[in-house]
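Read through the structure below, which is laid out as structure tokens, and then see the notes.
Throughout, read-outs are computed from the coordinates displayed, never taken from laboratory work. Note that the structure is a prediction, hence the values are computed from the model and not measured. Cβ placement follows ideal geometry from the backbone for every residue including glycine, while neighbour counts extend to all protein chains displayed.
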Amino acid sequence: MLVRIARCPFSMLVVLLAAGLQAADEKPSPSSAAKPAKNAPPPAASKRVPPAPPLDWKAGAAAAKITPDTLMWMAGYAARKQPAEGTLQELYAKALALEDEAGQRVVIVTLDLIGVLVTLRESVEKQVQEQYQLPPSALVLNASHTHCGPEYRERSGREEEARNYHAFLATTLVRLVGEALADLRPARLTYSHARAGFAMNRRRNYALPPEDVNANKAPNPDGPVDHDVPVLCVLDAEGNQRAVLFGYACHNTTLGFYQFCGDYAGWAQEYLQADHPGLTAMFVMGCGADQNPYPRREVELAQRHGRTLATAVEAALFANPRPLHGTLRSALEYVDLPWADATKEKRRYPVQVLRLGHDVTLVTLASEVVVDYSLRLKRELARPPALVWVAGYTNGYFGYIPSERVLAEGGYESPAYAPGIEALIVGKALELHRQWNASAGKSGGADTANE
Ligand SMILES: [Zn+2]
């Protein structure tokens with residue numbers, strides 16, 4: 001059953017309003033500030049066509065529908081009592097392949113799914129290495145964490161549907177990576193960012209004294225958040241936008257009903273693609289483990305948050321995108337996270353760092369990472385004009401990854417890891433990042449390897 005929901009008039013109003021405010025608030029640019037005197041002939045320089053920026057990248061994009069063709073059980077809420085009833089919005093997997101002038105490649109895959117199971121990552125990683133010689137470090141698999149997608153972990157009584165979907169997904173993703181690589185064409189890349197404010201820290205404020213009226217209440221409007229909306233834009237030779245990759249750190253949980261849909265991240269992608277025919281819009285989930293979208297629980301609200309996020313992407317594209325030049329680098333290593341119970345087997349945890357040209361560092365962390373990681377890594381990795389993008393929910397999915405603060409406070413997002421896991425994870429990201437800086441210093445910046 002396919003239920004269609006018309007785009008809400010409110011979201012259109014937000015866009016129109018934003019456009020109006022932007023025009024009213026616009027500050028004069030340096031060029032428009034120095035206007036020629038009335039009746040003066042136009043300066044000769046205005047006729048000069050600026051040289052086109054070099055097409056120093058290649059990029060390719062591909063997308064595939066991954067909505068289950070059966071009414072599978074849905075992922076995300078333990079309290080679910082029945083399988084899906086239908087599809088409100090199709091779910092997609094999308095791939096963006098990038099290649100630098102030296103031929104180094106990276107493929108970023110985004111999924112409208114709850115998470116990337118370790119077994120899925122292993123299967124796709126192995127096959128794309130064999131078929132396309134793509135090294136594991138150069139493959140990014142990120143899930144939007146929609147709670148309105150299929151459950152493909154093997155749960156009691158539903159093993160077969162999970163196995164079938166897992167196999168379909170692996171086949172589809174391998175094919176998709178191949179299609180994105182086959183689509184590689186000359187391109188320009190830009191990076192910019194804006195902000196969106198609907199994510200709020202969903203934990204209670206542990207700093208409040210017990211007698212405070214809000215001591216045991218969530219959400220916490222004073223809690224840490226990361227409202228950044230990073231945007232990587234792929235342009236063709238004519239300057240047309242071919243693809244945008246954008247991120248946000250917030251649980252994709254406006255909804256919890258029985259219709260397949262991508263929640264706010266699904267609508268943000270849908271709106272961007274509808275407003276820019278031919279564009280592939282891809283959502284990358286950030287460190288949103290302790291963040292929820294507010295308000296929530298209605299389809300109209302998921303659409304409104306989607307429109308807000310899409311508008312932030314448009315704002316970022318308006319805000320002086322920085323052209324990216326240089327090379328691609330990627331590294332993927334694992335740390336072993338110890339549990340408080342030392343007899344329990346340590347969690348093998350992937351940390352991936354990519355450099356997109358000279359300026360942008362993308363750190364990917366696995367599973368449900370709280371926002372402290374994003375804020376800390378941005379602080380510790382930034383060296384102007386370096387721009388840092390931190391993704392969670394990447395390359396593995398196995399529950400919450402608390403920061404040292406959240407581990408000490410306890411609560412829902414704090415499984416019983418041993419103290420010190422934040423230092424292990426952050427330390428690995430810094431180590432991977434540092435080794436390139438050291439080698440760039442020695443080799444004069446000729447950083448061209450996948451590791
Ligand atoms: Zn979650």
Practice task
Sort the following peptides by mean Cβ neighbour count (other Cβ atoms within 10 Å, averaged over residues), highest first: 281-294, 160-173.
Solution key: 281-294, 160-173
Completion exercise
Taking 0.36 nm per residue of separation between Phe398 and Ala342 and subtracting their Cα-Cα distance, the length gained on full extension comes to 18.3 nm
Handout entry: Quotient of C-alpha Rg and 2.2 N^0.38 Å, computed over region 79-223
Key = 1.40
Handout entry: Long-range amide H partners of Val360 with built H, under 5 Å
Key = Leu387
Handout entry: Dimensions in Å of region 279-368 - Rg and Dmax from alpha carbons
Key = 18.3, 53
Problem - region 279-370: GluC sites (Glu not before Pro) in DSSP coil with no more than 10 other Cβ atoms inside 10 Å - result: Glu345
Exercise for the section: Write down Rg/Rh for region 57-443, rounded to two decimals, with Rg from the C-alpha atoms and Rh from the Kirkwood relation over Cα pairs. Expected result: 0.94
Problem - Gap separating the Cα centres of region 376-416 and region 200-227, nearest whole Å - result: 19 Å
Problem - J(HN,Hα) series, region 170-182, from Karplus relation 6.51 cos²θ - 1.76 cosθ + 1.60, nearest Hz, glycine and proline x - result: 4, 4, 5, 5, 5, 4, 5, 4, x, 5, 5, 5, 5
Problem - Packing-based exposure ordering (other Cβ within 10 Å, fewest first) of Trp267, Trp436 - result: Trp436, Trp267
Exercise for the section: Would you count, across region 57-443, every pair of lysines whose alpha carbons are under 18 angstrom apart, provided the pair is eight or more residues apart or spans two chains? Expected result: 4
Handout entry: Using a Förster distance of 22 Å, the FRET efficiency for Phe168-Lys126 (Cβ separation, nearest 0.05)
Key = 0.80
Completion exercise
The residues Asp372, Asp263, Asp222, sorted from fewest to most surrounding Cβ atoms within 10 Å, come out as Asp222, Asp372, Asp263
Exercise for the section: Collect residues whose amide H, placed 1.01 Å from N in the peptide plane, falls under 5 Å from the amide H of Phe398; neighbours closer than 5 in sequence don't count. Expected result: Ser367, Glu368
Problem - Relative contact order of region 57-443, defined on C-alpha pairs under 8 angstrom at six or more residues apart (%) - result: 17 percent
Practice task
Report, to two decimal places, the Cα Rg of region 237-281 normalised by 2.2 N^0.38 Å (N = number of residues).
Solution key: 1.39
Practice task
With only Lys, Arg, Asp and Glu charged, each at its Cβ (+1 for the first two, -1 for the last two), find how big the charge dipole of region 186-278 is about the Cα centre; round to the nearest 20 debye.
Solution key: 160 debye
Exercise for the section: Any chance you could check the Cα centroid distance between region 317-338 and region 232-254 for me, in angstrom? Expected result: 15 Å
Exercise for the section: May I ask you to sort Val231, Val371, Val360, Val213 by Cβ crowding, counting other Cβ atoms within 10 Å and putting the fewest first? Expected result: Val213, Val360, Val231, Val371
Problem - Rounded to 5, the percent of DSSP beta bridges in region 57-443 classed as antiparallel - result: 75 percent
